[in-house]
1. So what's the gap between the Cα centers of segment 252-282 and segment 178-199, to the nearest angstrom?
2. log₁₀ I(q)/I(0) of segment 106-262 at q = 0.10, 0.15 Å⁻¹, via Debye over equal Cα point scatterers, no solvent, to two decimals?
3. For the chain, what does -39500 (n - 2.57) per DSSP helix run (n ≥ 4), summed and divided by total residues, give at 222 nm, in deg cm²/dmol to the nearest 500?
4. Once both labels are modelled 7 Å past Cα along the beta-carbon direction, what's the LEU321-GLN251 spacing in nm?
5. Using a Gaussian network for the chain with springs between C-alpha atoms less than 10 Å apart, which of these wobbles most: LEU169, LEU246, LEU152?
6. Would you please report the Å³ per residue occupied by the convex hull of the alpha carbon atoms in the chain?
7. Using DSSP, restrict attention to beta bridges with both residues in the chain and report what percent are antiparallel, rounded to the nearest 5.
8. Which of GLN237, GLN73, GLN251 moves the most in a Gaussian network model of the chain with Cα springs under 10 Å?
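What follows is calculated from the coordinates using simple rules that are stated; it is not laboratory data. Computed from a prediction, not measured in an experiment: that's the story for all the values here. Every residue, glycine as well, gets a Cβ built from its backbone with ideal geometry; the counts of neighbours run over all protein chains shown.
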Amino acid sequence: MALQWWPAHCSPASVNHAAAHALLNEAHRRMVDDAARAHTEFDQAVRSLGGAAGMLGARLQICRALCSLHLNQIARLQAEAAALLDTARTLPWPAEAPPRPTHFEPGQAREFLDATLVHLARRGLIAFATAGTLLGLVRDGALLPNDKDLDLVVPFRALDEACRAVRELGWEDSWVALNASNYRCFVHADSGITLDLIGYDSDPAGAGVLGGWWPQGLAREDGRLLRFSEFQITRQQSERGPYWALSEPRQMLEELYGPGWVTPDPHFDAILGTPALVAHNAFTHAWGHLRLGEAWINGRRAPFSRLLALLARLDPADPLLPLARAIEAQA
């Protein structure tokens with residue numbers, strides 16, 4: 001009876017594909033509205049397509065996995081990332097996707113960066129550049145032209161207050177799949193430029209500072225936990241006003257990117273390749289496998305191979321390595 005509404009010229013398979021395409025076209029909105037419900041919808045669509053889902057099924061699988069990431073269902077995320085790679089093994093390598101357009105124009109982004117740092121300092125809040133933002137400023141004297149966002153760190157205890165302060169400048173909260181207690185993402189509506197605020201804390205186990213991503217509902221050590229040496233910050237002055245900056249930014253950059261940070265490396269994986277990573281755990285395994293699937297689905301062979309080699313170094317016994325190598329061999 002459930003099939004009676006189908007037009008006579010449509011088969012169940014064609015209707016399932018049409019519904020799956022419609023769901024995929026609304027994937028982001030559905031994840032933003034309700035990630036748990038969206039996961040159920042993606043899961044049902046994957047199952048309805050069956051074993052011959054092809055690239056459509058793979059794209060639904062990665063949407064399903066992103067929902068699990070947002071919900072911090074790590075065991076489920078791991079299983080879904082493995083299923084995505086298993087699908088990839090049965091398909092030819094996709095054509096390389098064109099670069100995704102970004103709204104990151106370095107000159108305009110630098111204006112927003114400077115204004116935001118000064119605004120936070122005037123509110124009595126410590127915030128300073130990190131990650132790719134810091135790398136560009138120190139190594140190149142300018143923001144990286146291929147960057148996608150601005151990266152600032154603040155003391156974890158002041159993260160909520162810093163969020164309120166940046167909203168005063170027109171930054172609006174933006175949904176991302178990563179759901180961490182010390183991470184917030186914003187977008188500037190007028191430009192589309194995005195801003196990441198990341199909280200850091202002192203290391204209770206001894207000297208040092210903890211950063212990275214601390215997934216909601218999990219212990220910090222069960223997320224992507226980074227440990228840095230103690231650092232000093234200084235209050236500096238620009239034409240706009242006072243702001244905070246690292247006294248020795250090169251120390252932070254070496255701990256983030258290793259001694260080779262001075263040489264541009266477009267395929268360096270800053271998430272798992274950073275020397276500051278405390279441990280390769282269930283969360284980072286699942287993240288790495290999901291990123292492998294993402295690289296494959298976008299036809300990016302060099303990043304896939306580079307990440308695969310990194311994962312093999314982090315855990316030579318990773319059970320998904322043979323599957324990933326089989327996918328790599330098809331390229």
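1. 21
2. Cα-only, vacuum Debye calculation for segment 106-262: -0.34, -0.80.
3. -14000 deg cm²/dmol
4. The modelled label-to-label distance comes out at 3.5 nm.
5. Result for the chain, Cα springs under 10 Å: LEU169 fluctuates most.
6. Each residue corresponds to 155 Å³ of Cα convex hull volume.
7. 75
8. GLN237
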